[in-house]
Ligand code: SF4
């Protein structure tokens, strides 16, 4: 059963079938200094076996998929770092599950986008390419451990456009080592000069077990302070808005027709299937995350068994809390009627104390239809969400 929100739909029972497929390719040309994703540099010898294992995992779970799929998202890692014949093999396998209505997305590192790659993506039906630009300042890219320079971002962009790609997005990072609000504005302007259909701006999260985390712990650089981070965030919101890319999620900006359909699935807490090592699925109310170990993953599927994974079933108030927390990331917030349909009670019955407190402060807005975080309060969304979850 589905309940209709003004713009999106929340699946009432998070059932065992889905139109959203994620594929994790865990290989990169080198490891960026801030990256704590499951991605391996220099493991070229495993790529073929991994793609074959992904095809076996897809076959095991194909009965969960509603075909044609609504969205396919190939992420990682750097999927476009695969050798071209292998990338084409992967694309052909996935293309069987799409038609012209499917949003077929892939993530790309600028230095992996050749005209051959661009054409192969287009021929397979990929209709959304997201480029990890991160910054247009060379020293910041070096500090982040990126292997491309600013000109390669522009070259990749032009290569994709020349091949005929119409929907292109860019990812940027703020609060990078050595960055300041002025250099951030420069990167924003450079990005928007390319007229992307979609822009993501993420604050750098520094994890201790990364190169950058270790540099920080040794005092090699000082993290951007909170007020500069807030200035960067506000600059992103206003500059993107003025360029025709309104904020639709804490870190994401696009016109309604160009919102990332696949990520909306996550924020609406709807079912999806994830394939590949470290990939997560959410089916039948169970979140299943494959162990982040490509060799174990390949070996399991080659011997005909399911790859080892971590399973978690969220129910009751925990599921309610997660659903609210995810939906409040979106500018439109959570649809109250959809929440009632899914959980049998109104948001104000489930989280009344926190909602009242933040509504009084103006940080939450409650209408007959929605609960949303006020635009000015998006910057403190983590605090609001933590307080809502504490009421679970
Ligand atoms: S390209 Fe992306 S996935 Fe690969 S190491 Fe860099 S940040 Fe991580």
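Overview of values
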{"item": "Residue in the range 9-22 that is at pLDDT 95 or above, within 15 Å of the ligand (Cβ to nearest atom), within 17 Å of residue 128 (Cβ to Cβ) and not in a loop (DSSP other than H, G, I, E, B) present", "result": "yes"}
{"item": "Residues of the range 106-141 that turn out to be part of a loop (DSSP other than H, G, I, E, B), away from the ligand (no atom under 16 Å from the Cβ) and within 28 Å of residue 180 (Cα to Cα), as a count", "result": "2"}
{"item": "Counted residues, the range 72-105 - those being away from the ligand (no atom under 16 Å from the Cβ), within 15 Å of residue 117 (Cβ to Cβ), touching a helix residue (DSSP H, G or I) at 6+ places or on another chain (Cβ under 9 Å) and assigned to a helix (DSSP H, G or I)", "result": "7"}
{"item": "Members of the range 34-71 that are within 16 Å of the ligand (Cβ to nearest atom), under 21 Å from the mean Cα position of the chain (by Cα) and assigned to a loop (DSSP other than H, G, I, E, B)", "result": "34, 35, 36, 37, 38, 39"}
{"item": "Test: residue 260 is buried (at least 20 other Cβ atoms within 10 Å of the Cβ) and in contact with a strand residue (DSSP E or B) (Cβ under 6 Å, 6 or more places away or on another chain)", "result": "no"}
{"item": "Scope the range 150-179; condition in a loop (DSSP other than H, G, I, E, B) and surrounded by fewer than 17 Cβ atoms within 10 Å (Cβ to Cβ); matching residues", "result": "164, 166, 178"}
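Yes or no, residue by residue, for (1) closer than 18 Å to residue 139 by Cα; (2) surrounded by fewer than 18 Cβ atoms within 10 Å (Cβ to Cβ); (3) without any contact (Cβ under 8 Å) to a residue 24 or more places away in the chain; (4) out of contact with any helix residue (DSSP H, G or I) (no Cβ under 7 Å at 6 or more places or on another chain):
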position	(1), (2), (3), (4)
185	yes, yes, no, no
207	no, yes, no, no
214	no, yes, yes, yes
224	yes, no, no, yes
238	no, yes, yes, yes
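The values are calculated or read from the model by the stated rules, or taken from the named source; none is laboratory data. This one's a predicted model, so the numbers in the text were calculated from it and none came from an experiment. Every residue, glycine among them, receives a Cβ derived from its backbone with ideal geometry; neighbour counts consider all protein chains shown.
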